[in-house]
Amino acid sequence: LCFSALPALFKEELRDEEAKEGEAVTLHCELTKPAPVEWRKGHTALKPSEKYKMRQKDVTAELVIHSLTQSDA
């Protein structure tokens, strides 16, 4: 017997969020099953830092961006 597991898909996609410069914004997505999430801006993978906080619980992943600047758009 040979089978391949179905990949995790987005159940709830990211939505555009509005926030003012200097504030924080929270982005979140929901997957069809638990799987590791890598947050990216363009081709660059984001890493946890003072600016970026990442959390994941089961099928929900969340990214908080602190001290927003124009380049975060």
With the chain as the region, which strands (runs of 3 or more DSSP E) entirely inside it contain at least 1 residues that are aliphatic (A, V, I, L, M)? 25-31, 52-57, 60-65
Mind counting the residues in the stretch 28-42 that are under 7 Å from residue 8 (Cα atoms) and among the charged types (D, E, K, R)? 1
Filtered residues of the stretch 15-35 (kept if open to solvent by 100 Å² or more (accessible area, probe 1.4 Å) and modelled with pLDDT of 90 or more): 20, 21
When the residues of the stretch 58-72 are narrowed to those that are more than 14 Å from the chain's Cα centre (by Cα) and hydroxyl-bearing (Ser, Thr, Tyr), which ends up surrounded by the fewest Cβ atoms within 10 Å (Cβ to Cβ)? 71
Top-ranked residue in the stretch 36-57 [being hydroxyl-bearing (Ser, Thr, Tyr) and open to solvent by less than 60 Å² (accessible area, probe 1.4 Å); ranked as farthest from residue 70 (Cα to Cα)]: 49
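The values are calculated or read from the model by the stated rules, or taken from the named source; none is laboratory data. Just so we're clear, the structure is a prediction, and the values are computed from it rather than from any experiment. Counting neighbours? That spans all protein chains shown, and the Cβs are built from the backbone with ideal geometry, glycine included. What goes into the accessible areas is simple: the full protein's heavy atoms, side chains included, and nothing from ligands, DNA or RNA. Shrake-Rupley method; radii C 1.70, N 1.55, O 1.52, S 1.80 Å.
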